[in-house]
Structure formats: structure tokens, C-alpha cells
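In what follows, a single structure is set out as C-alpha cells and then discussed.
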Amino acid sequence: MFNIDDLNTQYNYRQRVTALWAFSESVFGGLLHALKIPFTGLFLGGFAVIFLSLVAELSNNKKEILKITSIVIAIKFLMSPNTPFTAYLAVLIQGIFAFIIFSLINNRSVSIILLSFLSALWSASQKIIVTTLIFGMTFWYSIDSFVIYLSKIAGINLSKDFSVSIILIVSYFLLHLIGAAIFARIAIRFPIFLNENKSRLEKIKKEYQIYKETKLIVNNSFNHSKKKKWYKKPSRLILLIFMVCLTIISYMNPELNKIKFFDVISMLVRAIVIIYLWFKVVSPLLVKGFVKLFRKNSAFEKIDSYTTFFPEFKEILLYNWKSNSSYPKLLRIRKFMEDLFLLLLI
């Protein structure tokens, strides 16, 4: 465990953990994208499980979890006001899951495993449901028809019942569940990891102090990086190319059995209308109502006491990524995460 006996120290530590979760939700994701670390969503979901497990351990009253969740949502809104409503909902659901699980189950390991898997399932389900609502079932039929069409060109005979969309959905869930298992293990061992690496922490702290004293400046491009336009994001670019190819093929090959040209056009129109209404009308209204509800929380007024940590967190994060640049990609990510949590939490 943490061996934090002094109540004041315990409160300050919990405040730092809360600030870290808020930083993760509102700033960290963008920095991970800038650092080109893959599977950012899985990392952020895993971090939430770690932070919630620490909050639960440091809170005598589990209602503190809900209070801290509301603070994180409020900070997320202030730092990233254009974030879609579904992102706030995901944070709220994770907080509710944590409150229920840690209130009902005393076994810490079981609680963390359950929280990690439920959070991962919610995250994966939410994205699949949103995609289906935006594009309709036609989207999944289109993927199947497109793959079958390409397989015929390649001389591969696939069954008409073959569904690559189901394979994609199952794979997507499996990826999240694997991530959930990894982060559950990390969260369970986290207190042990922190206590075992205190000597290593001293070395890292000295190196970081030298870095600060010599005033080495991390590349400012991270501070001034512009938000990518939607069509420059890889996932959306791939989706756009797929849609264009599908439209052309369905027009040139009306014999395709599951999808026709006008079905593709209606799917595109449906997606454009829903996305526009969601991001420009529905989501902003929901976010305003959501935050208005949480403003009633007395802790809302103390948000500045949490955001003051952010410049320090950001400097540590960017320094840490640069200091591990000599390692191969996967080892670099592992050392980056280990050193980062040591500097941020102890």
C-alpha cells in the first residue's frame, strides 16, 4: 500500500491523483497523439482505471469517487469545451462503475478487474453503437460486400454469408479486453510498483532537476501544434477513401447483392446530417446541461487548485518522452510510462 498515515498528506495525494485524472482526460490525449503513441483511447481508459483505483484506496467514503468524477468532468469541459458529449458520458460512467464496484466489493483485485473490463466493454460498445447510429446497418453490409467484391477480383471465393464486419467488431472488442486485462494488472500492482521503485525515483528526480536547472527547453511545437483537420486524421481519411471507393464500385456494379448505389448515397447523406446535427446542435446543448448540473457541486469552485498542477505535469511528460528517445519504440513506451508515473505520483 502507500503507507500514507497523515490525513493532510493523504488529502494532498488524493488531490494530485484527481488532477492527474483530469489532466489525462483533458490534455494528455492530445499530447499522446502529438507524440505519435498508438491506441491513445486504450491508454486513457486504462489510466482512468488506475486513477480511480487510487482514489478508492485513498477515500474512506466511496462517495468521494462521484465527487472527484464531477470535478474531472468540469475540468474537462473548461479545458476542452468542444469535446463531444459522449466523452463526458464515458467519464461519468467510469466514475459510477467505480463507485458501485468499490462500495460493494471489498476485494481490491476483484474490484479493479471488474472495473477495468466493464469500462473497456462500455468504451468499445459506445463506439460501435455511435458508428451504427450515424451510418446505419448499411455501413456494415457495405464492408461485407466490398470485401467479397475485392476477393472475387483476387480470385478468392468467399461465401456469401462471410461477414468481415463481424470479424472487425469482435476484434475491436478483443483488443479492448486485452487492454483491460493489462491495465487491470498494472492497477493491482501499482502500489507495489511505487514502493519498490523509490530508489529509482531518486535517480529520475535528480536527472529531471538537472534538466530544469540547465533550462533545456522541450520542443515548443507541442505547445503550438494545431488541431488536425478532420480529413487529415488517419481513421477518418481511411473511412472517406472507403466511402468513395464503395460509391464508385456500387455505381459500376449494380449486381452487388447487399448494397446498391442509392443505398450508399443515402448512407452518406444520413451520416453528414447526423454528424452535423450532433456536433453543432445536440452535443453542445447536452454538454451545457451536463456541466450546469455539475456546477451545483461545491467542489466546482476549487477547480483552480487542480489545474495549477497541469504545467508541471506537461513539462514532466514531454521531458520524460525525450529522455527515453534512445530506446526502441515498445521499450521506450514502457519506460516512458514507468518513469512518468514515478515522477507524477510520488
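General remarks:
- Cα gyration tensor, region 59-100 - rounded (a/c under 1.5), prolate or oblate: oblate
- Computed from the C-beta positions of Lys302 and Leu150, the FRET efficiency with R₀ = 51 Å rounds to 0.35.
- Pairs beyond 18 Å (Cα-Cα), from Lys206/Lys322; Lys198/Lys314; Lys63/Lys127; Lys76/Lys329; Lys288/Lys314: Lys198/Lys314; Lys63/Lys127; Lys76/Lys329; Lys288/Lys314
- Here the simple spin-label model places points 7 Å from the Cα toward Cβ, and for Gln209 and Leu175 these points are separated by 4.3 nm.
- Computed FRET value (nearest 0.05) for Leu66 with Ser326, which takes r as the C-beta separation and R₀ as 41 Å: 0.40
Throughout, read-outs are computed from the coordinates displayed, never taken from laboratory work. Note that the structure is predicted; figures quoted are calculated from it, not measured. Please note: Cβ atoms are built from the backbone with ideal geometry, for glycine as well, and neighbour counts cover all protein chains shown.
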